[in-house]
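Novice: Here it is: the structure, laid out below.
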Amino acid sequence: MRVVIQKCLESSVSVDGNVISSIGRGLMVLVGFTDVDTVKDIDYLVNKVVNLRVFDDSNGVMNLSVRDVSGSILCVSQFTLYGSCSKGNRPSYIKAMNGVDSVKLYDLFCEKLNSIVPTKKGVFGADMKVSLLNDGPVTIDLES
């Protein structure tokens, strides 16, 4: 399981020209799964995401989490996080989990995030347009 986390001032997801989800200050989380991922991986990364200290404290030091700043999370599924270009220039997604199984893990991941921090979602499998005003910029890549 892999996540790419971006600290944002605002973020949104649109499908067919309609905004489906949006947040203000918080984290944009892109998430991808492999066929070996389990609930244990989800629990590990939920804990990491909600406690990641990337927001400034009163001294201007990144010492606060999204929980500490009462921020939100926008979570978007992205199987391309497991794209491999080791052979040629066209990515291979052989390591990405199939859609039927990954949608279950995606929904569970978002549910667990939402139980701790207000979390909105993209539309699994849809052609989404993601908008982000990255703050910093701060981008963190984590894997279970």
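The values are calculated or read from the model by the stated rules, or taken from the named source; none is laboratory data. Since the structure is predicted, the reported quantities are computational estimates derived from the model, not experimental observations. Backbone-built Cβ (ideal geometry, glycine too); neighbour counts: all protein chains shown. Quick note on the areas: whole protein, heavy atoms, side chains included, nothing else; ligands and nucleic acids left out. Shrake-Rupley method; radii C 1.70, N 1.55, O 1.52, S 1.80 Å.
Novice: If I filter the range 58-71 for residues that are buried (at least 21 other Cβ atoms within 10 Å of the Cβ), touching a residue at least 60 places away in the same chain (Cβ under 8 Å) and under 14 Å from the mean Cα position of the chain (by Cα), do I get at least one hit?
Specialist: No, there is no match, as no residue in the range 58-71 is buried (at least 21 other Cβ atoms within 10 Å of the Cβ), touching a residue at least 60 places away in the same chain (Cβ under 8 Å) and under 14 Å from the mean Cα position of the chain (by Cα).
Novice: Could you check how many residues of the range 64-84 are in a loop (DSSP other than H, G, I, E, B) and of a type outside the set (A, V, I, L, M)? Give the steps one after another, and end with the answer.
Specialist: At the first step, the residues of the range 64-84 found to be in a loop (DSSP other than H, G, I, E, B) are 65-71, 78, 83.
Going one step further and asking which of them are of a type outside the set (A, V, I, L, M), we end up with 65, 67-68, 70-71, 78, 83.
Count: 7.
Novice: Quick check on my filter: what residues within the range 1-29 are open to solvent by less than 70 Å² (accessible area, probe 1.4 Å), touching a Gly at 6+ places or on another chain (Cβ under 9 Å) and within 24 Å of V100 (Cα to Cα)?
Specialist: Taking the range 1-29 first, the residues open to solvent by less than 70 Å² (accessible area, probe 1.4 Å) are 1-8, 11-15, 21-24, 26-29.
Remaining after also requiring touching a Gly at 6+ places or on another chain (Cβ under 9 Å): 1-4, 6-8, 11, 13, 15, 21, 23-24, 26-27.
M1, R2, V3, V4, V13, V15, S21, listed by residue number.
Novice: Take the conditions outside any helix (DSSP H, G or I) and either under 25 Å from D68 (Cβ atoms) or modelled with pLDDT of 95 or more (or both) and apply them to G88. Does it pass?
Specialist: Against the criterion (outside any helix (DSSP H, G or I) and either under 25 Å from D68 (Cβ atoms) or modelled with pLDDT of 95 or more (or both)), G88 does not qualify.
Novice: Look at K112 and say whether it is among the basic types (K, R), within 21 Å of E143 (Cα to Cα) and touching a Phe, Trp or Tyr at 6+ places or on another chain (Cβ under 8 Å). Full working, then the answer.
Specialist: On the way: among the basic types (K, R): yes; within 21 Å of E143 (Cα to Cα): yes; touching a Phe, Trp or Tyr at 6+ places or on another chain (Cβ under 8 Å): no.
Criteria not met by K112.
Novice: Return yes when K121 is open to solvent by 50 Å² or more (accessible area, probe 1.4 Å), out of contact with any Pro (no Cβ under 9 Å at 6 or more places or on another chain), among the basic types (K, R) and under 25 Å from D16 (Cβ atoms) and no when it is not. Lay out the reasoning, then the answer.
Specialist: Values: open to solvent by 50 Å² or more (accessible area, probe 1.4 Å): yes; out of contact with any Pro (no Cβ under 9 Å at 6 or more places or on another chain): yes; among the basic types (K, R): yes; under 25 Å from D16 (Cβ atoms): yes.
Judged against the criteria, K121 is a match.
Novice: Name the strands (runs of 3 or more DSSP E) wholly within the range 1-63 that hold at least 3 residues that are within 20 Å of L105 (Cα to Cα) and modelled with pLDDT of 95 or more? Steps first, please.
Specialist: Details: elements: 2-15, 18-23, 26-32.
Output list reads 2-15, 26-32.
Residues checked against (1) among the aromatic types (F, W, Y); (2) touching a Lys or Arg at 6+ places or on another chain (Cβ under 6 Å); (3) open to solvent by 60 Å² or more (accessible area, probe 1.4 Å); (4) touching a residue at least 12 places away in the same chain (Cβ under 8 Å):
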residue: R90; (1), (2), (3), (4): no, no, yes, no
residue: M97; (1), (2), (3), (4): no, no, no, yes
residue: V100; (1), (2), (3), (4): no, no, yes, no
residue: K104; (1), (2), (3), (4): no, no, yes, no
residue: L133; (1), (2), (3), (4): no, no, yes, yes
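Novice: Of the residues K129, K95, which is basic (K, R) and closer than 25 Å to E10 by Cα? Talk me through it step by step, then tell me what you get.
Specialist: Details: K95 fails: closer than 25 Å to E10 by Cα.
None of the others qualify; the one that does is K129.
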